[in-house]
Every structure is written in C-alpha cells, then in structure tokens.
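The values are calculated or read from the model by the stated rules, or taken from the named source; none is laboratory data. Since this is a predicted model, take the numbers as computed values, not measurements. Positions of Cβ are backbone-derived with ideal geometry, glycine not excepted, and every protein chain shown enters the neighbour counts. Please note that ligands, DNA and RNA were not included when accessible areas were found on the heavy atoms of the full protein model with its side chains. Shrake-Rupley method; radii C 1.70, N 1.55, O 1.52, S 1.80 Å.
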Amino acid sequence: MRSDEKALLLLTSRQVGKSHVVSLRAAYRARFMRRRVGIVSPTQRQSNIVYGRVKEWVRRDGKARLARDTATVLELEGGGAVVSFPGDRPDVSVRGETLDDLIVDEAAQVKDSLIAAATPTTAARPDASIIYLSTPFGARGAFYKAWQEEDVWTKITVGAEECSRIRPDFLAKEKVRLGILWEQEYACRFLASVGGLFDPLAIDDLFSGTPQTAEMDWVPRISGDARDWL
C-alpha cells in the first residue's frame with residue numbers, strides 16, 4: 001500500500017484482500033497525488049470491480065469534487081483520474097493512453113498481448129509505477145515469467161494461512177475438495193498446468209546443472225562401435 005517501488009508483483013491467495021488494497025492505493029494516488037491510474041483485468045467486469053471500489057473510497061473522502069464520473073472513467077477537479085479498461089480487447093482498450101500508474105489485476109489470466117499493449121502507457125512518465133497482482137494460474141504467461149525470471153520487480157507473497165480473515169477449518173475443507181489445486185488457489189504455487197500433477201519448480205530442479213557421470217551409476221557406458229546403437 002505504501003510502497004514507492006516502481007514495479008510490484010503481488011502473488012497471493014484467493015480472498016486475502018489484494019484488489020481491495022490496490023483500489024485504495026489507486027484512489028489515494030488519484031485524489032492526493034493527482035495521478036492518472038489505469039486498471040486492467042481479463043474482462044471489463046473484473047476491471048470494474050476494482051474501479052467500483054476506487055469510486056467508493058473517493059466518495060467516502062467527502063471532499064473530492066468530480067469533473068467526470070462514468071462507468072469507466074473517474075476524473076477529479078484539479079487533476080487525477082482512474083480509468084477502467086477491458087482486458088479482453090487489448091487492441092482497442094489501453095492503446096493511446098498515458099498513465100502514471102498501471103494496475104493489472106488477475107495478471108496471471110490476462111493475455112500476453114494485453115501486457116504488451118498496456119505497459120507502454122507508462123513510458124513517458126519517469127516516476128510511473130506498474131503493479132501486477134494475481135493468484136497463480138498455471139506455469140505460463142507474462143505474470144509467471146515476471147515472477148520466475150525478471151529481477152526488476154519487488155515481489156510480495158501472501159498465502160491464505162497468513163490472512164486472519166480466512167478460517168483454518170475452511171482451508172482444511174478446501175484442501176480436501178480441491179486436491180492439488182489447493183496449492184494454486186491458496187498456497188501461491190504455480191502448477192505445471194491448471195489441474196497439473198507436477199510442481200514446475202521441482203521439475204526445474206531435476207534438470208538444473210550438469211550431472212557428473214562418475215556419480216551417476218545409471219548412465220549407460222557405451223563400448224564398441226557406436227553403429228551398434230543405431
């Protein structure tokens with residue numbers, strides 16, 4: 001909420017309050033810092049959930065004066081705005097915008113083409129910030145790549161068991177009901193595929209490094225003419 005980092009990755013369980021927190025951050029930055037904040041999600045409906053919370057925070061302030069208030073755009077007198085974009089139409093949604101802050105909600109489920117269209121909106125703002133927040137959704141896509149491979153991000157993880165609002169008995173029942181998917185929905189684990197049986201990090205460990213033949217008795221020793229193996 002208070003971070004000044006320019007690139008934030010939030011990897012979280014379901015229902016820990018991630019969208020609630022970024023909506024408050026967006027409202028504060030638009031209201032008091034006069035920044036233009038963009039919200040992108042896989043669909044317009046999902047973007048509007050965060051956007052609706054932003055409007056509620058601004059309304060509760062009681063002193064903010066609105067210059068424009070529509071289903072997707074909230075502009076404040078004196079500067080500052082929050083805009084909601086449909087993630088399912090990246091070709092016509094964010095292109096042409098200039099943003100001070102970009103929020104990509106449920107980033108693991110947005111199209112890579114949306115990320116490619118959205119991030120350039122901050123190019124002309126040297127103090128711009130980008131936040132990706134999501135529950136994992138398979139070991140693929142821009143969010144997974146950013147979490148696993150890119151060092152430019154400040155990375156924050158919040159699992160369900162760290163959230164006091166989620167009851168332990170509920171999590172226990174969900175673990176029985178969901179099986180391996182529990183690891184994805186509540187423990188912030190990237191499964192090899194949705195419903196996959198193997199942990200991609202464990203698979204990476206199997207194939208990392210160069211094995212030494214002398215230490216691995218199972219490696220076959222080839223003797224004689226190599227053509228005998230064809």
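Collect the residues in the range 130-139 that are under 16 Å from Asp105 (Cβ atoms), open to solvent by less than 40 Å² (accessible area, probe 1.4 Å) and assigned to a loop (DSSP other than H, G, I, E, B), keeping them in residue-number order.
Passing the criteria: Thr135, Pro136.
Please give the number of the condition Ser47 fails out of (1) within 18 Å of the chain's Cα centre (by Cα); (2) surrounded by fewer than 17 Cβ atoms within 10 Å (Cβ to Cβ).
With (1) within 18 Å of the chain's Cα centre (by Cα); (2) surrounded by fewer than 17 Cβ atoms within 10 Å (Cβ to Cβ) applied to Ser47, the lone miss is (2).
Being surrounded by 15 or more Cβ atoms within 10 Å (Cβ to Cβ) and of a type outside the set (Ser, Thr, Tyr) is the filter here, so list the residues in the range 50-70 that pass it. Give the steps one after another, and end with the answer.
The initial filter retains those residues of the range 50-70 that are surrounded by 15 or more Cβ atoms within 10 Å (Cβ to Cβ), namely 50-51, 53-55, 57-58, 64.
Val50, Arg53, Val54, Lys55, Trp57, Val58, Ala64, listed by residue number.
Results for (1) without any contact (Cβ under 8 Å) to a residue 60 or more places away in the chain; (2) open to solvent by less than 40 Å² (accessible area, probe 1.4 Å); (3) not in a helix (DSSP H, G or I), shown as yes or no for each residue.
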{"position": "Ser84", "(1), (2), (3)": "yes, yes, yes"}
{"position": "Arg89", "(1), (2), (3)": "yes, no, yes"}
{"position": "Arg95", "(1), (2), (3)": "yes, no, yes"}
{"position": "Leu99", "(1), (2), (3)": "no, yes, yes"}
{"position": "Val104", "(1), (2), (3)": "no, yes, yes"}
{"position": "Leu114", "(1), (2), (3)": "no, yes, no"}
{"position": "Ala117", "(1), (2), (3)": "yes, yes, no"}
{"position": "Thr121", "(1), (2), (3)": "no, yes, no"}
{"position": "Arg125", "(1), (2), (3)": "yes, no, yes"}
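Taking the range 9-44 as the region of interest, how many residues are closer than 28 Å to Ala123 by Cβ, open to solvent by 40 Å² or more (accessible area, probe 1.4 Å) and either at pLDDT below 90 or not hydroxyl-bearing (Ser, Thr, Tyr) (or both)?
9
If I ask for residues that are exposed (fewer than 13 other Cβ atoms within 10 Å of the Cβ) and in contact with a Ser or Thr (Cβ under 7 Å, 6 or more places away or on another chain), which ones from the range 167-198 would you list?
None - no residue of the range 167-198 is exposed (fewer than 13 other Cβ atoms within 10 Å of the Cβ) and in contact with a Ser or Thr (Cβ under 7 Å, 6 or more places away or on another chain), so the list stays empty.
Give the residues of the range 17-66 that are touching a residue at least 12 places away in the same chain (Cβ under 8 Å), among the basic types (Lys, Arg) and not in a strand (DSSP E or B), sorted by residue number.
Listed by number, the residues that qualify are Lys18, Arg25, Arg29, Arg31, Arg34, Arg35, Arg53, Lys55, Arg65.
Collect the residues in the range 5-16 that are in a loop (DSSP other than H, G, I, E, B) and touching a strand residue (DSSP E or B) at 6+ places or on another chain (Cβ under 8 Å), keeping them in residue-number order. Before the answer, list the steps.
Looking only at the range 5-16, we keep the residues that are in a loop (DSSP other than H, G, I, E, B), and these are 5-6, 13-16.
Selection gives Glu5, Lys6, Ser13, Val16.
Residues being at pLDDT 95 or above and charged (D, E, K, R): count how many of those fall in the range 128-148.
The qualifying residues number 1.
Could you list, in sequence order, the residues of the range 140-166 that are under 23 Å from Val40 (Cβ atoms), open to solvent by 100 Å² or more (accessible area, probe 1.4 Å) and assigned to a helix (DSSP H, G or I)?
Glu149
Identify, by number, the condition in (1) open to solvent by less than 100 Å² (accessible area, probe 1.4 Å); (2) under 25 Å from Leu133 (Cβ atoms); (3) at pLDDT 95 or above; (4) assigned to a helix (DSSP H, G or I) that Asp204 doesn't meet.
(3)
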